[in-house]
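Notes for the one structure printed next.
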Amino acid sequence: MVFDVLQPQQKKMSKYFEKIEYKMDVDFLAKLDEAREYAGIPFIINSAYRSPDHSLSIENPTSSHIKGLAVDIKAKDSTTRGLILDALRVVGFNRIGIAKTFIHVDLDMEKSQNVTWLYKQ
Ligand SMILES: [Zn+2]
């Protein structure tokens, strides 16, 4: 049994992200809350936990989304992107992917740390 993954019967653990808590890592959500607080703007979550049979999981079976350790935050303009990136860095996130319309952030300790990458689209 995994204890640090939120189960549906538990009470809500995060201040801002109640809607995406299902199967998400509790420490990850706490850090995301901190970043949201610091940024002072809404974080619109495009994608959080993904089941192993999700089409994107099949494309990328090692995705941190499957582990409940990642979200994609909507960011379509430079100001929003800047605020979110600053906040993620300040609270200590160090795995960040930047796309044209969103920012991926994860807390996957099994992958390279201190990396920022770009998506092709
Ligand atoms: Zn992602």
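Put a dot 7 Å past the Cα of residue 37, heading toward its Cβ, do the same for residue 51, and the two dots end up 3.4 nm apart. For the options 109, 24, 13, a Gaussian network treatment of the chain with springs between C-alpha atoms closer than 10 Å singles out 109 as fluctuating the most. Taking the DSSP bridge list for the chain and keeping only pairs wholly inside it, about 75 percent are antiparallel.
Between the residues 56, 29, 78, the greatest Cα displacement towards the positive end of the dipole of the chain, with unit charges on the Cβ of Lys, Arg, Asp and Glu, is found for 78. D by Stokes-Einstein for region 18-118, Kirkwood Rh over Cα pairs, 37 °C, 0.692 mPa s: 242 µm²/s.
Most exposed first by the Cβ proxy, i.e. fewest other Cβ within 10 Å, how do 98, 103 rank?
98, 103
Using the rule -39500 (n - 2.57) for each DSSP H run of four or more residues, divided by the residues of the chain, the 222 nm mean residue ellipticity is -8000 deg cm²/dmol.
Couplings 3J(HN,Hα) for region 92-100, derived from phi with the Karplus relation 6.51 cos²θ - 1.76 cosθ + 1.60 (θ = phi - 60°), are x, 5, 10, 10, 9, x, 10, 10, 4 Hz, where x marks Gly and Pro.
For residue 47, the residues whose modelled amide H falls within less than 5 Å of its own, excluding neighbours fewer than 5 places apart on the same chain, are 72. Taking other Cβ atoms within 10 Å as a rough exposure proxy, 28, 102 sort from fewest to most as 102, 28. Of 18, 110, 34, the sequence from fewest to most neighbouring Cβ atoms within 10 angstrom is 110, 18, 34. What the Cβ-Cβ distance of residue 60 and residue 101 gives, at R0 = 30 Å and to the nearest 0.05, is a FRET efficiency of 0.95. Look at the alpha carbon pairs under 8 Å that are at least 6 residues apart: their mean separation over the length of region 18-118 gives a relative contact order of 27 percent.
FYI, it's all coordinate maths here, none of it is from the lab. Predicted model, so just to flag it, every value in this text is computed and none were measured. Reconstructed Cβ throughout: ideal geometry from the backbone, glycine too, with neighbour counts over all protein chains shown.
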